[in-house]
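See structure below.
The values are calculated or read from the model by the stated rules, or taken from the named source; none is laboratory data. From a predicted model like this one, the values you see are computed outputs, not experimental measurements. Cβ sites come from the backbone with ideal geometry, for glycine too, and all protein chains shown count toward neighbours. We work out accessible area using only protein heavy atoms, side chains counted, and drop any ligands, DNA or RNA first. Shrake-Rupley method; radii C 1.70, N 1.55, O 1.52, S 1.80 Å.
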Amino acid sequence: MRGSRDFWLFALTLASAASALVSIAAAETLLALAFLGWLLFRPGRIIWPSYTLPLCAFMATTVISLAMSPQPELGVASVRKFVLFAMAFLAANFVSTTSRARISYRVLLAVSAGASILALVQFTNAYIKFRTTHDLADDPTVLTRMTGFMGHWITFSAEQLLVWCAAIPALMILSRRWVAPAAVTGSALVLSFTRSVWLGAVAGLLAVAINLPRRTLIGAALPVGLVAVGASGLIQHRVMMSFQEQAFAPDAGRVALLSGGLQMIRDHPLFGVGPERIHSEFPRYYSGTDLARANFYYGHLENNIVQIGAERGLLCLAAFFWFIFELYASLVAMLRTTGESTRWIVLSALAALTGFMVAGLFEYNFGDSEVLLLFLFIVSIPYGLRTEEAADV
């Protein structure tokens, strides 16, 4: 009976993580059901990941920042988002065998490939239209990028980044037929034309490359490389848009966002300007002449580190760094001691973590609910694996 309950809680947890690629409402509903089931049935001992304390420190300093905010009512959503952290503990407690880890990656790859196919259809339709209009508003490399099931291309591409990075080491133990879904996901990464995830993908691959067989590296990188070569003209067009400030203001706005964020940290070092108050505070720090005509989004600062420091203060930023450091330190320690049967799972977590952090230097992916949910699932799996139970599902 206990084993049956444990399996269904695993199934709900995995369904929540996979649903993040399709619908945040479905993902959060399934997450709530899994957590409620865990509270009710308590099928086994609780596993606390080593990053539990820094994660609690991050939450505590966020609450303090909210209490110190001149408009605390605006930042309540930041505290509500704490419920997403339940995914970390569910993954650590119920993705508890290598068999379940394999199932998890098969499901994530299958759903990700489906979302990527939809996105590639979106890109094709948008490109055909753009060839007719030549209008920036219709450009599928800039303002009409593929979104899959998501509402924005940044969310879509950040999720595909996590799955693709994590899938690279998984290809060592998954059968050859899973190379195709990974290739489709990687192709969508290239054609998302999101430069931050391009950098994240390269970093995630390099972070684990030395530990992977040559066949796995070729199977992961070759399809993506071929797509990149085929789309080289469009990639060059996308990169050149970065230097056309008048035509494409969001790139020019990144400098203003960075400058404004650093000034906010200087003026409000301990507690920040308050959760969810970047949008209302940024106009005071904008050095341009007319923000209304600047044509870039300033609801967040396009950088995890600057965003957290400016919004919640250096105490909260220190907790965030502690959390990330503990993730890296514990995963590297696991890599040194784990057996061959679970080594790929630790490498998957390290690849996804590295891709996430590098991409987060150019976008606020830690604040994106769908991305955060998927990220916590992938990096938390190694903490709960019990290799002696690998035969149990």
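The condition of being surrounded by 22 or more Cβ atoms within 10 Å (Cβ to Cβ), within 26 Å of E28 (Cβ to Cβ) and at pLDDT below 95 does not hold for L353. Of the listed requirements (1) exposed (fewer than 13 other Cβ atoms within 10 Å of the Cβ); (2) more than 20 Å from L199 (Cβ to Cβ); (3) over 26 Å from the mean Cα position of the chain (by Cα), P269 misses just one: (1). Tell me, which helices (runs of 4 or more DSSP H) lie completely within segment 288-393 with 2 or more residues that are within 27 Å of G151 (Cβ to Cβ) and among the aliphatic types (A, V, I, L, M)? Helices (runs of 4 or more DSSP H) meeting the threshold: 304-312, 340-359, 369-384. Exactly one residue among L40, L33 is modelled with pLDDT under 95 and part of a helix (DSSP H, G or I), and that residue is L40. Filter segment 48-67 down to residues that are among the β-branched types (V, I, T) and open to solvent by 40 Å² or more (accessible area, probe 1.4 Å) and give me whichever is nearest to F89 (Cα to Cα). Step by step, filter segment 48-67, then rank; the result is V63. Listed by position, the helices (runs of 4 or more DSSP H) contained in segment 151-244 that have at least 1 residues being touching a Cys at 6+ places or on another chain (Cβ under 6 Å) are 195-209.
As for segment 225-233, it holds no residue that is in contact (Cβ under 8 Å) with a residue 60 or more places away in the chain and either in contact with a helix residue (DSSP H, G or I) (Cβ under 8 Å, 6 or more places away or on another chain) or open to solvent by less than 30 Å² (accessible area, probe 1.4 Å) (or both). Looking at F156, F130, just one residue is among the hydrophobic types (A, V, I, L, M, F, W, C) and open to solvent by less than 20 Å² (accessible area, probe 1.4 Å), and that residue is F156. Only one entry of G204, G200 meets the criterion of being touching a residue at least 40 places away in the same chain (Cβ under 8 Å) and under 30 Å from L291 (Cβ atoms), and that entry is G200.
The residues of segment 272-305 that are surrounded by fewer than 13 Cβ atoms within 10 Å (Cβ to Cβ) and within 24 Å of the chain's Cα centre (by Cα), listed by number, are H279, Y297, G299.
The residue list L217, L199, L205 contains one member that is within 15 Å of the chain's Cα centre (by Cα) and under 20 Å from T354 (Cβ atoms), which is L199.
Taking helices (runs of 4 or more DSSP H) as the structural unit, those lying wholly within segment 64-143 and holding at least 1 residues that are free of Cβ contacts under 8 Å to residues at least 24 places away in the same chain correspond to 76-80, 98-133.
Taken over segment 46-68, the criterion of being of a type in the set (F, W, Y) and either closer than 18 Å to F271 by Cβ or touching a Lys or Arg at 6+ places or on another chain (Cβ under 6 Å) (or both) is satisfied by F58 alone.
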